[in-house]
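Quick note: the coordinates plus some simple rules give every number you see, no bench work behind them. In this text the structure is predicted, and so the values were computed from the model without any measurement. For neighbour counting, all protein chains shown are included, and Cβ atoms are generated from backbone atoms with ideal geometry for every residue, glycine included.
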Amino acid sequence: MKATSTWRLVPELEKALAEGMTVEEWIGDRCPVCSYARISEDKLEGEAIGVGRQHANNDQAAVDLNWVVVARYTDNHITAADPDIQRPAFLEMVRDLRARRTPDGVPVCGIIAVAEDRVRRLPEDFLRVHRALTVDRQGCFYVVDEKRHVDVHSDGAQVVGLVTSSSDEREVSKIKRRSERSIRDRAREGKQSGGHRRFGWLPADAKAGRPNNDRLDPAEAPYLRTAIEDIMTGKSERTVTQWLIAEKVPTVKGGKWQSTTVRNMVSNPAICGYRMLDGELVRDPETGLPVVGDWETIATPEEWKKVLRRYNSYYKVDPETLKGDPSRGVRKRRKEITQTRKYLMSGYLRCGRVDLSDQRCLSTMVGNPVSDRAPHGTYACNASNCPGVARRMDLVDKSITKLVQTILSQQYAAKEPQHREWHGQAILDSLVKRKRLLKEAYNSGAVQPADFFEMLPELDFQILESEKDQEEFLVAQEAQNFLAGFTTERWTKFDLRQKRIAIGTVIQTVIVHPLPQGRSTRAPFDPDLLEVIFRPKT
């Protein structure tokens with residue numbers, strides 16, 4: 001059985017809404033919760049029998065509790081004991097719980113499951129669930145088999161849940177954003193400060209009446225603007241870097257263009273007139289609005305925010321609250337396969353060879369460049385304990401590209417860009433307000449230092465997790481809008497990164513099966529040996 005993950009409103013609620021009933025009328029005085037079901041290996045005949053039975057038990061228990069299941073989240077044929085295996089439905093459930101509503105606007109404040117180990121097996125799973133349930137006092141969790149309410153709000157429950165957690169998790173929980181500010185007078189006044197020249201602006205020249213580099217360079221500014229526009233449309237830094245090199249445009253210091261140079265250049269808040277110092281946007285102390293500098297700008301604040309969201313995996317910065325510093329951010333490599341890679345299908349392909357114990361290899365296949373032995377390039381499994389599977393790179397790319405173009409044309413050709421509000425904003429605002437009130441109480445002496453520093457780390461984590469949800473929502477929405485009105489002609493204009501983003505909206509992974517026994521390695525390419533695992537529809 002293939003692994004599948006689904007999440008949707010319960011059919012009864014969907015039917016009631018279609019008939020004109022409101023969500024509030026359908027829920028009534030019942031507590032709205034989600035039903036979660038997961039099974040590692042369903043050996044029963046039929047489709048999704050194991051998880052179906054779990055949902056049925058959850059539904060009955062909800063009736064007895066005067067709760068109501070509003071949405072079902074299902075991870076079928078997926079283990080919860082391996083941290084490297086993602087559970088899409090579990091992650092979506094946690095995001096919705098933290099927001100206290102589904103993307104459809106249906107309220108949800110708790111979980112009901114047949115057993116705790118259906119929901120979480122690892123310490124990090126417990127922390128995710130615990131933080132999502134404790135963003136307010138409404139969070140609830142019921143275990144059907146044990147007929148037990150899990151008291152997620154008690155200190156004891158958290159201690160028990162974290163008893164197997166590593167000390168590193170505890171250390172991470174103490175991390176908080178730097179709060180010290182060092183805003184110079186010139187920054188508060190919006191005046192240009194010292195420092196080396198930025199690309200796109202003329203250098204300071206007292207004789208020419210330019211004490212600072214605050215005027216755009218007519219020669220460099222068009223290149224900077226084009227780079228910003230390319231990044232906003234999804235092109236990679238590598239594409240922009242190669243273009244600048246081909247145009248023989250020198251860097252500020254005369255060196256060679258690098259991807260990091262491009263990234264820092266287009267994400268600098270100076271492009272829209274803003275400045276950040278020590279991780280905080282410089283704001284007017286009276287109005288709280290960002291201070292706009294007196295230098296010439298080349299982008300709007302909205303465009304800068306859009307660029308910034310592109311780099312939320314490299315920088316600790318939030319484009320909505322505008323906190324964090326893109327020039328000093330802690331870089332952390334993205335794990336998603338939508339990152340820029342050298343080959344089109346790198347990270348998507350997995351080896352489908354079966355070993356003597358009837359287990360699939362499923363190791364990630366790597367791209368090998370064109371060589372005398374492989375004039376077309378290859379994707380190959382390089383696991384040390386696997387005999388290996390390999391395929392011609394150009395034929396795999398062509399087959400998957402054709403499939404993806406067909407699906408994208410069907411799903412996005414008639415779509416218009418959407419700009420939906422994130423459904424978890426109210427919860428994030430309430431968490432930020434709680435932190436502000438907590439700090440005010442500490443500063444006034446109403447809260448003891450020991451209590452303050454006990455509550456602050458957990459609250460910081462709640463905010464951080466909620467901000468991650470917001471970030472993922474905005475990135476996903478931008479990806480959807482990027483493909484709106486898709487045509488095969490547009491595909492030819494995509495660079496490698498944009499093509500990989502498009503593929504990632506359709507495909508989760510591709511299992512490359514070995515050639516059947518007796519078939520020659522010189523036989524024609526067989527696309528049926530590529531088992532495509534499509535991404536669950538949301």
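Here are a few things to note about the model shown:
- Within-14-Å neighbourhood charge of Gly377 [Cβ basis; K, R +1; D, E -1]: +3
- Linear extension gain, Phe452 paired with Leu437, 0.36 nm per residue minus alpha-carbon span: 4.3 nm
- Value of Rg to Rh for segment 185-310 (Rh from inverse mean 1/r over Cα pairs, i.e. Kirkwood): 0.97
- Neighbourhood net charge (12 Å Cβ-Cβ; Lys/Arg +1, Asp/Glu -1) for Met21: -4
- Exposure proxy order (Cβ contacts within 10 Å, fewest to most) of Thr226, Thr6: Thr226, Thr6
- Segment 470-538: trypsin sites (Lys or Arg not before Pro) falling in loop per DSSP and having at most 10 other Cβ within 10 Å: Lys493, Arg522, Lys537
- Using a Förster distance of 25 Å, the FRET efficiency for Glu247-Ala204 (Cβ separation, nearest 0.05): 0.45
- Separation of the Gln410 and Asn481 label points, Cα + 7 Å toward Cβ, nm: 2.7 nm
- Entries in Lys306/Lys398; Lys342/Lys415; Lys402/Lys493; Lys342/Lys493; Lys305/Lys499; Lys342/Lys398 that, when Cα-Cα distance is taken, lie over 20 Å: Lys306/Lys398; Lys342/Lys415; Lys305/Lys499
- The alpha-carbon atoms of segment 425-483 define a convex hull whose volume equals 62 cubic angstrom per residue.
- Our estimate of slack between Glu124 and Ser259, defined as 0.36 nm per intervening residue step minus the Cα-Cα distance, is 45.3 nm.
- Annotation: the residues His149, His423, sorted from fewest to most other C-beta atoms within 10 Å of their own C-beta, follow the order His149, His423.
- Residue order, fewest to most surrounding Cβ atoms within 10 angstrom, among Asp528, Asp495: Asp528, Asp495
- Inter-probe distance in nm under a simple model that places probes 7 Å from Cα toward Cβ, at Thr287 and Arg8: 4.9 nm
- Environment charge of Ala246, counting only residues whose C-beta is closer than 15 Å and scoring Lys/Arg +1, Asp/Glu -1: 0
- Full-extension gain in nm, Val354 to Asp394, via 0.36 nm per residue minus C-alpha separation: 11.9 nm
- Surface/4 of the Cα convex hull for segment 388-520, nm²: 13.8 nm²
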